[in-house]
Amino acid sequence: MAKIIVEVMLKPEILDPQGQAVASALPRLGFTFAKSVRQGKRFEIEVDGDPTPAQLAEVEKASETLLSNPVIETYIVKIEK
Amino acid sequence: MSFRIGVVTFPGSLDDRDAARAIELAGGIAVPLFHASDDLKEVQAVVLPGGFSYGDYLRCGAIARFAPIMNSIVTAANHGFPVLGICNGFQVLCESHLLPGALTRNSNLHFLCRDQKLKIENTNTMWTTGFKQGQEILIPLKNGEGSFQCDDETLNMLENEGRVIARYVDFDPNGSRNLIAGISNERGNVVGLMPHPEHAIESLTGPSTDGLTFFTSVLHQLVGR
């Protein structure tokens, strides 16, 4: 069964204090690789069979109305087999 | 005669009773409205109270926006019906696109609860006519996601059109752009405010009675209509 994945991220210009907190916690645990961290959301949406173009169009619509807030966030839609 | 002001209860609203009490103390009739109904019960204005509607799931106010009562409120607000959104109510107004911008996590990540000084910057909205321009007031602020964010273009528009109604003074609680605590729509009938005027209406329980003026302002405006 295929999954439709929607990933939502804050726009680059929007302050992400959660990501910053994660970035500053990493070195305290000895992880020194991160220059910066931004935190987002991932939605996994199951559909019957392969997603149809009509379903994907609906997912796009849902992504810009409910799953993300276009004022502060961007989203991408992917299909995962 | 007195005016009927509705207070919407969403699942997770907390301050609906305090808002109703503030309306009554200001001289209005508080009318409880329910999220699942689209019936505005002939109210002449609406308050969207603070709290955690739908558990703040997804984003604050994101799910409340799709409640049946919000369809009626959005339609009415676009025709000049007065709406005040406090805290979570402000978040709902932004998610409903009645107000521009969005409220995001406080810059220091902490939930903050304090008596906050504000400066009133616009006394022409339906909810702020009782204040003096530049008046400083002290009302409680309590939220985790109160940082007002928008793009530069929107910020310039808000500033140039005088739509910032209140700004934080002496202390930056959350990293809001230009210390914005509250804004209005173009027409001045829709106002969103992060701090809580409904908790500052009586000296026994609040740090001041400054909050009451938001509610008396709208009642005076309704008389004048």
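Every number here is computed from the coordinates shown, using simple stated rules; none is lab data. Please read all numbers here as calculations on a predicted model, not as lab measurements. For neighbour counting, all protein chains shown are included, and Cβ atoms are generated from backbone atoms with ideal geometry for every residue, glycine included.
Things worth noting here:
- Amide hydrogen proximity for B:Ala200: with H placed 1.01 Å from N in the peptide plane, the residues at 5 or more positions away or on another chain lying under 5 Å are B:Gly211.
- In terms of packing, defined here as the mean over residues of other Cβ atoms within 10 angstrom, the peptides B:55-67, B:130-142 line up highest first as B:55-67, B:130-142.
- Averaged over the residues of peptide B:201-214, the number of Cβ atoms from other protein chains lying within 10 Å of each residue's Cβ is 0.
- For residues of A:61-74, the mean tally of beta carbons on other chains within 10 Å: 4
- The Rg/Rh ratio of segment B:1-136, with both radii computed over alpha carbons and Rh defined as the Kirkwood radius, is 0.96.
- Axis angle, to the nearest 10 degrees, between helix A:53-62 and the longest C-alpha principal axis of chain A: 50 degrees.
- For B:Gly85, the residues 5 or more places off, or on other chains, whose built amide H falls under 5 Å of its own are B:Leu48, B:Val191, B:Gly192, B:Leu193.
- Residues B:Asp170 and B:Lys132, FRET efficiency given R0 of 22 Å [Cβ-Cβ distance, rounded to 0.05]: 0.75
- Full extension of the chain between A:Lys41 and A:Arg28 yields a length gain of 2.2 nm, computed as 0.36 nm times the residue separation minus the alpha carbon distance.
- FRET efficiency for the B:Arg17 to A:Lys11 pair, using the beta carbon distance and R₀ = 41 Å, is estimated at 0.65.
- Label-reachable residues, segment B:17-56, where backbone N falls under 17 Å from a point 7 Å from B:Thr75's Cα toward its Cβ: B:34-46
- Taking only the Cα atoms of the protein assembly as shown, the ratio Rg/Rh comes out at 1.01, with Rh defined as the Kirkwood radius.
- Of the chymotrypsin sites (Phe, Trp or Tyr not before Pro) in chain A, those whose Cβ has at most 11 other Cβ within 10 Å and which sit in DSSP loop: A:Phe31, A:Phe33
- Straight-line reach from A:Lys35: taking Cα to Cα under 25 Å and skipping same-chain neighbours fewer than 8 places apart, the lysines in range are A:Lys11.
- FRET efficiency, 1/(1 + (r/R0)^6) with R0 30 Å, evaluated for B:Phe34 and A:Asp50 via beta carbons: 0.15
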